[in-house]
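First up is the structure itself, then whatever we jot down about it.
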């Protein structure tokens, strides 16, 4: 059972996501408590592979409200847990031109914090415009069918 914490709303708008992967997160106790309060966002965050390890960079988890001087640093780099072969596969794909690792959502699964990472290519401005036009057309079609009665 999943409990969604936050999503990266701009990720699917700015990137064409080809594949998604699930990764565990290495967190401090106050970070887990802050996540349970929902005090996080994925704006401008990304994943980076270094020395066969994968890290989540620029993810903001606000300090825990009832924490003391042992509270965590909000914007620290966090290690992600994935199988070595998955990390090597992702490393090979990110070496290709234009691919990047974008976090899509953070959630709890069986009591453990997970992050869904998408392997995506950045969209150009005209791609974004095409998507907006397509969505507007789909909405228009839905509206026209909604008004009709089927007998």
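A short reminder: the numbers here are calculations on the coordinates, not readings from a lab. From a predicted model like this one, the values you see are computed outputs, not experimental measurements. Note: ideal-geometry Cβ built from the backbone for every residue, glycine included; neighbour counts use all protein chains shown.
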From the P(r) of the range 1-86, can you give the percent of Cα pairs sitting at distances over 23 Å? 27 percent
At what distance in angstrom do the alpha carbon centres of the range 102-122 and the range 45-69 lie from each other? 13 Å
Sort 69-82, 107-120 by packing, meaning the average of other beta carbons within 10 Å per residue, with the highest value first. 107-120, 69-82
Can you tell me which of 130, 22, 53 moves the most in a GNM of the chain? Springs connect C-alpha atoms under 10 Å apart. 130
The chain -> Rg/Rh from Cα coords, Kirkwood Rh, value 1.08
Ordering 42-48, 87-93, 98-104, 62-68 by per-residue average of other C-beta atoms within 10 angstrom, highest first, gives 98-104, 42-48, 87-93, 62-68
Over all distinct Cα pairs, what is the inverse of the mean 1/r for the range 77-151, reported as the Kirkwood hydrodynamic radius in Å? 16.4 Å
Quick one: length gained pulling residue 126 to residue 108 fully straight, 0.36 nm per residue minus the C-alpha distance? 2.9 nm
Degrees between helix 125-147 axis and first principal axis of the chain (Cα, 0 to 90, nearest 10): 60 degrees
